[in-house]
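Data first, discussion second: the structure below is written as structure tokens.
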Amino acid sequence: METGIAVATIAAFASIAGAALSFYFSMRKDREADWRKVKFEHYREFMAALAAIVGSDATPEGHLRFAQSTNTVQLVASRQVIEALHAFRDEISASNVNRSPDKHDALLSTLIREMRADLGMAAESNPADLSVRLWVSGNDRAGAMRRERGGARTSD
């Protein structure tokens, strides 16, 4: 009789422990997914803000948006993303008199790869040689305004 009670007790304990572990791991996965969504939204805003300062698309509002997004992204970014962001910001800084298009592209590519890795993207989809490019919309607002005033068009 005692064997039956012991088996029932062990079975009940195992059942409760299994349910508790299942709940714990499920909640952990949900929290990780929620955190990844938060990071994605910050990284998405960063990319949108970055696009607002590229070439002829750049505006004072775009620069403000970019500054704000680079500051707030540091709240959720991994250390690797923050370090890559700082290196990129140093390269594009107005105070950098030794800017290099090649270094800009390399640092931007590194930053984006670090963001993708931070979001959990598989290594095969995020290779070390992934090159990232920024595109200008083609709306040359400043050039259009100069043309309306009869001024010369500048080239990008």
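S78 passes every criterion in (1) over 23 Å from W35 (Cβ atoms); (2) modelled with pLDDT of 85 or more apart from (1).
Just so you know, in segment 111-156 the residues that are loosely packed, with under 10 Cβ neighbours inside 10 Å and either in contact with a Leu (Cβ under 6 Å, 6 or more places away or on another chain) or among the hydroxyl-bearing types (S, T, Y) (or both) include one that is modelled with the lowest pLDDT, and it is S155.
Could we say that A106 is over 16 Å from A51 (Cα atoms), buried (at least 16 other Cβ atoms within 10 Å of the Cβ), under 13 Å from the mean Cα position of the chain (by Cα) and of a type in the set (G, A, S) here?
No: the conditions fail for A106.
When segment 1-28 is limited to residues that are exposed (fewer than 10 other Cβ atoms within 10 Å of the Cβ) and at pLDDT 75 or above, the one that is nearest to V76 (Cα to Cα) turns out to be I5.
Within segment 33-40, identify whether any single residue is within 22 Å of R133 (Cα to Cα) and assigned to a helix (DSSP H, G or I), and answer yes or no. Yes, because at least one residue in segment 33-40 is within 22 Å of R133 (Cα to Cα) and assigned to a helix (DSSP H, G or I).
Restricting attention to segment 38-54, does a residue exist that is of a type outside the set (A, V, I, L, M, F, W, C), modelled with pLDDT of 90 or more, farther than 27 Å from G138 by Cα and surrounded by 15 or more Cβ atoms within 10 Å (Cβ to Cβ)?
For segment 38-54, residues of a type outside the set (A, V, I, L, M, F, W, C), modelled with pLDDT of 90 or more, farther than 27 Å from G138 by Cα and surrounded by 15 or more Cβ atoms within 10 Å (Cβ to Cβ): present.
Against the definition (more than 25 Å from L130 (Cα to Cα), out of contact with any helix residue (DSSP H, G or I) (no Cβ under 9 Å at 6 or more places or on another chain), among the small types (G, A, S) and part of a loop (DSSP other than H, G, I, E, B)), how does S15 come out, yes or no?
no
The values are calculated or read from the model by the stated rules, or taken from the named source; none is laboratory data. Predicted, not measured: the structure shown is a model, and the values here were computed from it. As a convention, Cβ positions derive from the backbone with ideal geometry for all residues, glycine included, and neighbour counts pool all protein chains shown.
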